[in-house]
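Asks: To start, I am sharing the structure in question, which I have written as structure tokens.
The values are calculated or read from the model by the stated rules, or taken from the named source; none is laboratory data. Note that this is a predicted model, so its numbers are computed, not measured. Cβ coordinates were reconstructed from backbone atoms using ideal geometry, including for glycine residues, and neighbour counts include every protein chain displayed. Ligands, DNA and RNA are excluded from the accessible area calculation, which covers all protein heavy atoms including side chains. Shrake-Rupley method; radii C 1.70, N 1.55, O 1.52, S 1.80 Å.
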Amino acid sequence: MLLNVYLKSLRDSKKSIIYYSIGTMVLGLYVTLFYPTIRDSTGLTDFLEQLPEAMLAFIGDADTYTTAEGFLNAEVFGFMGPMIFGVFAIIAGAGAIAGEEESHSLDQLLANPISRKNVLLQKAAALITGLFLLSISLWIGIIVGARIAGFSLSLTGTLQAIFSLWLLGGTLGLIALAIGASTGKKSLAGGLTAAVGIIGFLLDTFLSVVDALDPFKFISVFYYFNGNDVIINGINPLHSLAMVAILVIAMAIAVWRFESRDLKN
Amino acid sequence: MSNTAVISAKNLSKFYGKHRGISDVNLDIDKGEIFGLLGPNGAGKTTCIRILLDFIRATSGSATILGMDSRSKSVEIRRNVGYLPGDFITYEKLTAEELLQYFANLRGGHLEKAKVLAERFDLDLSRKIGELSRGNRQKVGIIQAFMSDPKLLILDEPTTGLDPLLQQEFHALVLEEAESGKTLFISSHVLPEVEIVCDRVGIIRAGSIIAVEEVATLRKQTLTKIAIEFGEVVSKADFESVTGVREVTIKGHHLSCSVTGSLDSLIKLAAEYTVVNIQAGHPALEEVFLNFYNQQDTTTE
């Protein structure tokens, strides 16, 4: 695990990856095991139909609770999933370069024959790999839970939604990595990226019912993540491409800034 | 730049906003040399070193290391350079051996020499870096700097935190490495350290190199305080006429004076009398440096 920066980074975040993966697997299991109870409860649909639209935007409409995909869309991909993936990615991204710089280990790492760009890319790859393991665990949790609970689920829809979640985590993580690598400031990187995530979430979830704010959904990374309810409607390749584009731009800025600035002692 | 220059800095300047880091530093360090960069804290030693290693970028000027541009060929340069800062800080959760293995992997090397050095410096490689004392942590730093047999070693206040015995062992290592053809660039604010190991010394002060001298030359200019007790009264004029002797005072049978360079003529003259006792003040480079500083002061102020 000490062959290169990529493996060393994975080794450093081993515990964190394991805990978060347990978290995503438990989330998948919990939601799927809980679903039949909700589905079979009478009166819920009637109750939901009485609620105002703004309320439904948050907790979901009747379809949400009468199909497995709708339920997972609300309970896994609506809030908990993005939060777990987001928190993991932002912490890992903010610490990747800025964390090493603040703990004064970066000088010694870069005294070895390895370019800054190379270090940055390997750390980014480790972050993406960590998120991939979280995704796998979530997928296992959902599949196993659905099997136990005895209902069928769109396999491709679930995979596509998890893929989109992986991209969301990658986007937030690499934005944090880019801000950290550009400034050397871990808390700034974490804070700013958290703001990007939270504002994006609010724009997409709550404000989408405010017509005047509807155009602003395009600036929210959450719109590209799950604006079209991926698990139900399938992935929108353009939305995925938009996230990939943000991710690539973040990396390009990170390499440019990190290569050209002075390292802090 | 001479053909054999391992480090060649031309008009290197670094400003942090309006604050001066270094200004117009010129250096030429030859292959096989042990060069000391001597100066008080805050003089710009670390700034110089961090520019050479491409951790920070010069505001103006340029440097070549092993004939390569310090900026564009930085990775290739670092393949041939070992670096040790005064306070070696690295991954605390790794054991010393894991860290050395990691760095060896990044360098495409192995741990053979590291293990020999660990034995020599009596370091337990199985302990976590975070659990090591400052001195032991510094030993890990020494080992990682030397283990890949780099052509050039850049050592920034390397013996900070080492006890005197280890300092001695470290100095022995430095001399051995130079003998095997390596070049060493050592910064220090400790004069005896430079005096023990270095061939040449550059004195840096307030960001500028104010003098570069061979240690042997500096020694020649070194003042030695001599006090001699004679068995009889001696002639002051005789002693004042000896080359290099100054500030002769005589009280009864006691003579004291300062001597620049060799003591030979003074001792031969003294031997014509009955000598009861001789005391010599240890020749200190410090005084020579203070002379340099003072001269600098009188010319600038």
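Asks: Check region A:122-134 and report whether any residue there is under 16 Å from the mean Cα position of the chain (by Cα) and open to solvent by 60 Å² or more (accessible area, probe 1.4 Å).
Replies: Looking through region A:122-134, at least one residue is under 16 Å from the mean Cα position of the chain (by Cα) and open to solvent by 60 Å² or more (accessible area, probe 1.4 Å).
Asks: Something else about it: So A:LEU153 passes all but one of these: (1) open to solvent by less than 50 Å² (accessible area, probe 1.4 Å); (2) modelled with pLDDT of 90 or more; (3) in contact with a Gly (Cβ under 7 Å, 6 or more places away or on another chain). Which condition number does it fail?
Replies: Just one mismatch for A:LEU153, condition (3).
Asks: Anything in region A:163-177 that is touching a helix residue (DSSP H, G or I) at 6+ places or on another chain (Cβ under 6 Å) and open to solvent by 10 Å² or more (accessible area, probe 1.4 Å)? List them, or say none.
Replies: A:TRP166, A:LEU167, A:ILE175 - these are the residues of region A:163-177 that are touching a helix residue (DSSP H, G or I) at 6+ places or on another chain (Cβ under 6 Å) and open to solvent by 10 Å² or more (accessible area, probe 1.4 Å).
Asks: Here are B:LEU266, B:LEU255: which of them is without any contact (Cβ under 8 Å) to a residue 40 or more places away in the chain, more than 25 Å from the chain's Cα centre (by Cα) and surrounded by 12 or more Cβ atoms within 10 Å (Cβ to Cβ)?
Replies: B:LEU255
Asks: So in region B:216-234, with the set limited to residues that are surrounded by fewer than 18 Cβ atoms within 10 Å (Cβ to Cβ) and either under 17 Å from B:GLU193 (Cα atoms) or without any contact (Cβ under 8 Å) to a residue 40 or more places away in the chain (or both), which one is farthest from the chain's Cα centre (by Cα)?
Replies: Checking each candidate, the answer is B:VAL233.
Asks: Evaluate region A:185-203: report whether one residue or more is under 30 Å from B:PHE55 (Cβ atoms) and open to solvent by less than 10 Å² (accessible area, probe 1.4 Å).
Replies: Yes, region A:185-203 contains a residue that is under 30 Å from B:PHE55 (Cβ atoms) and open to solvent by less than 10 Å² (accessible area, probe 1.4 Å).
Asks: Determine whether B:ALA206 is more than 11 Å from B:ILE34 (Cβ to Cβ), of a type in the set (A, V, I, L, M) and touching a Lys or Arg at 6+ places or on another chain (Cβ under 8 Å).
Replies: So B:ALA206 fits the description; yes.
One line per residue, one yes/no per condition, for (1) more than 10 Å from B:LEU84 (Cβ to Cβ); (2) aromatic (Phe, Trp, Tyr); (3) open to solvent by less than 20 Å² (accessible area, probe 1.4 Å):
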residue: B:GLY141; (1), (2), (3): no, no, yes
residue: B:PHE146; (1), (2), (3): no, yes, yes
residue: B:LEU165; (1), (2), (3): yes, no, no
residue: B:GLN168; (1), (2), (3): yes, no, no
residue: B:GLU179; (1), (2), (3): yes, no, no
residue: B:THR183; (1), (2), (3): yes, no, yes
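Asks: Just the residues that are assigned to a loop (DSSP other than H, G, I, E, B) and open to solvent by 20 Å² or more (accessible area, probe 1.4 Å), please, taken from region B:79-99.
Replies: B:ASN80, B:ASP87, B:ILE89, B:TYR91, B:GLU92, B:LYS93 - these are the residues of region B:79-99 that are assigned to a loop (DSSP other than H, G, I, E, B) and open to solvent by 20 Å² or more (accessible area, probe 1.4 Å).
Asks: Mind listing whichever residues of region A:230-258 are in a loop (DSSP other than H, G, I, E, B) and buried (at least 19 other Cβ atoms within 10 Å of the Cβ)?
Replies: Passing the criteria: only A:ILE235.
Asks: For B:ALA96, all conditions in the list (1) of a type in the set (Gly, Ala, Ser); (2) more than 9 Å from chain A (Cβ to nearest Cβ); (3) within 22 Å of B:LYS10 (Cα to Cα) hold save one; what is the number of the exception?
Replies: Of (1) of a type in the set (Gly, Ala, Ser); (2) more than 9 Å from chain A (Cβ to nearest Cβ); (3) within 22 Å of B:LYS10 (Cα to Cα), only one is false for B:ALA96: (3).
Asks: Given the condition farther than 24 Å from B:PHE55 by Cα, touching a residue at least 12 places away in the same chain (Cβ under 8 Å), polar (S, T, N, Q) and more than 8 Å from chain A (Cβ to nearest Cβ), answer yes or no: does some residue in region B:66-73 qualify?
Replies: no
Asks: Identify all residues within region B:34-50 that are in contact (Cβ under 8 Å) with a residue 40 or more places away in the chain and closer than 28 Å to A:ARG257 by Cβ; write none if there are none.
Replies: B:GLY44, B:LYS45, B:THR46, B:THR47, B:CYS48, B:ILE49
Asks: Any residue in region B:115-137 that is surrounded by 14 or more Cβ atoms within 10 Å (Cβ to Cβ) sitting within a Cβ distance under 8 Å of a residue that is among the basic types (Lys, Arg)? List the pairs, counting only those 6 or more apart or interchain.
Replies: Short answer, once both residue conditions are applied: B:ALA118/B:LYS139; B:PHE121/B:LYS139; B:LEU123/B:LYS139; B:LEU125/B:LYS115; B:LYS128/B:LYS93; B:ILE129/B:LYS93; B:ILE129/B:ARG137; B:ASN136/B:ARG127.
Asks: Quick check on this structure: which one of A:GLY99, A:GLY86, A:GLY141 is within 14 Å of another protein chain (Cβ to nearest Cβ) and not basic (Lys, Arg)?
Replies: Exactly one residue qualifies, and that residue is A:GLY99.
Asks: Something else about it: Looking at region B:55-73 only, could you name the residues that are open to solvent by 10 Å² or more (accessible area, probe 1.4 Å) and over 16 Å from B:SER13 (Cβ atoms)?
Replies: B:THR64, B:LEU66, B:GLY67, B:MET68, B:ASP69, B:SER72, B:LYS73 - these are the residues of region B:55-73 that are open to solvent by 10 Å² or more (accessible area, probe 1.4 Å) and over 16 Å from B:SER13 (Cβ atoms).
Asks: Can you pull out every residue in region B:1-51 that is under 26 Å from B:LEU191 (Cβ atoms) and part of a loop (DSSP other than H, G, I, E, B)?
Replies: Passing the criteria: B:LYS31, B:GLY32, B:GLU33, B:GLY39, B:PRO40, B:ASN41, B:GLY42, B:ALA43, B:GLY44.
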